[in-house]
Amino acid sequence: MNYSQIKDKFFSDGYVHINIGNADLKEEIDKILSPFGKQLIVAKYDADGDKRLQVVSEEAMFGSDYLHWHTDQSYSPGNYNGTLLAFDSADNDSYTEFADMQKAYDDLPYHVLEYFQKVKCKYGVPVGLDDLISPAQKRILERNQAEWPLIVTHPITNKKSIYFSPLTMVQSNMHLEVDKLLEYCEKYTYRHNWKPGDVLLWDNRRVIHRRPAFEGHRQLFRTCFRYE
């Protein structure tokens, strides 16, 4: 793919898949993200001192357990709403699933949409994953929980989508049948089977994702970035 086309595809589709082959991963990530904004600087699980990249593996970030549907940085106030995930190595075949919440919004019945427009949800660090951030950061986030409307308007495309992160949701201002909504959204799912050289970018205002538990070694690199 032509690098100049990545940003346009990111906003038109909410999701971009690139395979860089045997090229140097860090150099390619710099090129891929050059049209976007600032990358998140991390405090834990950095990749050999590069604090823009986090190691996602059985021994580092998230471990090897099942990860429920979620939106990256839903509990963070930093507006890092883009995610890049790059495959490094694995013992076994593995995949990540993505659901397009803009398409899910477009198909909502009017009476459901009318109700959803009144719903707001608060988000926090998921239980059992406290080690993702420092104790000081956790205390700050608990005092100032991030709140998102269930229906958001994208600041770049002006299109609407459902904003929903079951793994990190703490509470909502109105009754919300989480399992029923999730079952509906799963109809808009795409499964990506990881291969060497794969790099994925997605828009967290439009896309949620999950991954199954895995066995053996699997390592990817992740960075979150701004696009406004």
(request) Please work out which residue is farthest from Phe98 (Cα to Cα), limiting yourself to the stretch 12-65 and to residues that are under 15 Å from the mean Cα position of the chain (by Cα) and not aliphatic (A, V, I, L, M). (result) Gln39
(message) Against the conditions (1) assigned to a strand (DSSP E or B); (2) open to solvent by 50 Å² or more (accessible area, probe 1.4 Å), where does Gln137 fall short? Just the number, please.
(response) (1)
(message) So, in the stretch 145-198, exactly how many residues are part of a helix (DSSP H, G or I) and surrounded by fewer than 18 Cβ atoms within 10 Å (Cβ to Cβ)?
(response) 8
(request) Confirm whether Gln73 is within 24 Å of Tyr188 (Cα to Cα), assigned to a loop (DSSP other than H, G, I, E, B) and either under 17 Å from the mean Cα position of the chain (by Cα) or touching a residue at least 40 places away in the same chain (Cβ under 8 Å) (or both). (result) yes
(request) Residue by residue through the stretch 114-127, note down the ones that are among the aliphatic types (A, V, I, L, M), surrounded by 15 or more Cβ atoms within 10 Å (Cβ to Cβ) and more than 17 Å from the chain's Cα centre (by Cα). (result) Val119
(request) Name every residue in the stretch 76-85 that is open to solvent by less than 10 Å² (accessible area, probe 1.4 Å) and either farther than 20 Å from Pro166 by Cβ or assigned to a strand (DSSP E or B) (or both), in order of residue number. (result) Gly82, Thr83, Leu84
(message) Give me the residue from the stretch 177-216 that is under 18 Å from the mean Cα position of the chain (by Cα) and among the β-branched types (Val, Ile, Thr) and, out of that set, farthest from Asp30 (Cα to Cα).
(response) Thr189
(request) Could you please find all residues in the stretch 199-228 being in a loop (DSSP other than H, G, I, E, B) and either among the basic types (Lys, Arg) or within 14 Å of Ser89 (Cβ to Cβ) (or both)? (result) Arg205, Arg206, Phe214, Gly216, His217, Arg226
(message) Regarding the stretch 56-70, can at least one residue be identified that is farther than 20 Å from Phe214 by Cβ, in contact with a helix residue (DSSP H, G or I) (Cβ under 9 Å, 6 or more places away or on another chain) and open to solvent by less than 50 Å² (accessible area, probe 1.4 Å)?
(response) no
(message) So if I check each of Asp106, Asp91, Asp72, which one is closer than 23 Å to Arg206 by Cα, touching a Phe, Trp or Tyr at 6+ places or on another chain (Cβ under 9 Å) and acidic (Asp, Glu)?
(response) Asp72
(request) Quick one: in the stretch 13-31, of everything that is in contact with a Leu (Cβ under 7 Å, 6 or more places away or on another chain) and among the hydrophobic types (A, V, I, L, M, F, W, C), which residue is nearest to Arg191 (Cα to Cα)? (result) Val16
(request) Scan the stretch 86-102 for residues that are part of a strand (DSSP E or B), open to solvent by 10 Å² or more (accessible area, probe 1.4 Å), out of contact with any His (no Cβ under 9 Å at 6 or more places or on another chain) and not aromatic (Phe, Trp, Tyr) and jot them down. (result) Asp88, Asp100
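The values are calculated or read from the model by the stated rules, or taken from the named source; none is laboratory data. Source: prediction; values computed, not measured. Every residue, glycine as well, gets a Cβ built from its backbone with ideal geometry; the counts of neighbours run over all protein chains shown. Surface areas here come from the heavy atoms of the whole protein model, side chains and all, with no ligands, DNA or RNA. Shrake-Rupley method; radii C 1.70, N 1.55, O 1.52, S 1.80 Å.
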